[in-house]
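What follows is calculated from the coordinates using simple rules that are stated; it is not laboratory data. All figures in this text were calculated on a predicted structure; none of them were measured in a lab. Quick reminder, even Gly has a Cβ in these numbers, built from the backbone with ideal geometry, and neighbours come from all protein chains shown.
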Amino acid sequence: MSERPRVLVARQVFPETVERLSQHFELSVNTHDEAWDKAELIRRLQGHQGAFTTGSERIDEEVLAACPELKVVANMAVGYNNFDMDAFDRHGVQATNAPGVLTDTTADFGFALLMATARRIAESEHFLRRGEWQRWRYDMFVGGEVHGSTLGILGMGRIGQGIARRGAFGFGMNVIYHNRSRLDAQTEAECRAQYVSKDELLRSADHLVLVLPYSPESHHAIGAAELAAMKPTATLVNIARGGIVDDAALAAALRAGRIAAAGLDVFEGEPRVHPDLLTVPNVVLTPHIASATVGTRRAMADLAADNLIAFLTQGQAVTPINRLVGRQSHGDE
Ligand code: DGY
């Protein structure tokens, strides 16, 4: 009887997911959810054919070169900027992600953050908790209008489209977007969204939501110059990835009132947060939880597990990121 493939579960995950994987594989699990550095990750990963990762584990040339038995890495995330895809291709390792299952939950959260930011919910709640509320005032925590305003979306994939539909049909917003490539006319009509240049997006949006993938090209796509181009009354929401916004420039712009407010779920170098962002009042900060509902996190974990099982037992992943060229068989060779 051939040995079962060995799989490393690099972070703690639902017990049901571990149980399901254990029916197919010899598992090593990071039960205590320790933060492994690169050397420790390599040490743990060596000798395994599969890995279950989250966006926190960086899988690059050094890791793949040190783990020649590795065949597949399944990310429990739709974003995969923690993977060096050129290195995956060089080593003939299959990478998979978890698209589709988190679209609506993440779009809901994008809207929640937009509302909290524009309507100053966190800031006013802190004020109340500090016991500073003495009386009602006509101008207390006045924020920006959401309904009927102009919603700008940078990055118009599935999540961006979900946000557009919520804005257009739920809040009567005028939706404009910019994306690497323009959507087809039918999708634009379904989202009631109009394609504009990035410059116009920055100039016209009352609320700008970032939903584009992180890459070297999108690094600091929003920096000091872009923030200066926005309306002083505008809000900025980042549910995409840290690094897309220059956090130091954003903190300076918020402090100087160059834009009204920001809502951030992701940060450069997270879980560290730029110290200046922690001291400006007009920013809502959440710890990368846009996809965090029980149902969605389960669906993400299930899809990552499906990918490992399908690839290591049948040689074909469910949601592959890369196409492996020139390999005879992948799964149980
Ligand atoms: C994703 O799926 O990319 C989310 O950011 C969760 O990590």
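Among the GluC sites (Glu not before Pro) within the stretch 1-70, which fall in a DSSP loop and have no more than 14 other Cβ atoms within 10 Å of their own Cβ? Working shown, then result.
Working: sites: Glu3, Glu16, Glu19, Glu26, Glu34, Glu40, Glu57, Glu61, Glu62, Glu69; in loops: Glu3, Glu34, Glu57, Glu69.
In loop regions of the stretch 1-70 (DSSP not H, G, I, E or B), the sparsely surrounded GluC sites (Glu not before Pro) are Glu3, Glu34, Glu69.
A Gaussian network model of the chain, with springs between Cα atoms under 10 Å, assigns the largest mean-square fluctuation among Ser124, Ser181, Ser28 to Ser181. Show which lysines lie in cross-link reach of Lys231 when reach means a straight Cα distance below 25 angstrom and same-chain residues fewer than eight apart are skipped. Straight-line reach from Lys231, under 25 Å: Lys198. Each Cα pair under 8 Å and six or more residues apart adds its sequence gap; the mean of these over the residue count of the chain is a relative contact order of 18 percent. Backbone N atoms of the stretch 233-256 closer than 13 Å to the 7 Å Cα→Cβ label point of Leu285 belong to residues 247-248, 251-252.
Could you compute the FRET efficiency for Glu200 and Met85, with r as their C-beta to C-beta distance and R0 at 41 Å, rounded to 0.05? Intermediate results must be reported in sequence, preceding the final value.
Details: r = 32 Å, r/R0 = 0.77.
That pair, Glu200 with Met85, gives E of 0.80.
Scanning the chain for trypsin sites (Lys or Arg not before Pro) in DSSP loops with at most 13 other Cβ atoms within 10 Å, what's the longest stretch left with none? Segment 1-129 is the longest.
What list do you get for Val175, Val294 if you sort them by fewest beta carbons within 10 Å?
Exposure proxy ranking, most exposed first: Val294, Val175.
If you filter the stretch 93-202 for GluC sites (Glu not before Pro), then keep DSSP loop positions with at most 16 other Cβ within 10 Å, what is left?
Answer in residue order: Glu132, Glu145.
If you plug the beta carbon distance of Tyr138 and Val294 into 1/(1 + (r/R0)^6) with R0 = 35 Å, you get a FRET efficiency near 0.25.
In summary, the aspartates and glutamates within cross-link reach of Lys38, defined as a Cα separation below 17 angstrom excluding same-chain residues under 8 places away, comprise Glu57, Asp60, Glu61, Glu62, Asp84, Glu270. As a proxy for reagent exposure, His91, His126, His274 were ordered by neighbouring Cβ count within 10 angstrom, fewest first; the result is His126, His91, His274. Got a sec? Which residues in the stretch 137-165 would a label at Arg192 touch, if it sits 7 Å along Cα→Cβ and we count backbone N under 13 Å? Within reach of a label on Arg192, which here means backbone N under 13 Å from a point 7 Å along Cα→Cβ, the stretch 137-165 contributes 147-151, 164-165. Taking a ≥ b ≥ c as the square roots of the Cα gyration tensor eigenvalues, the stretch 140-219 comes out oblate, since a/c reaches at least 1.5 and a/b does not exceed b/c.
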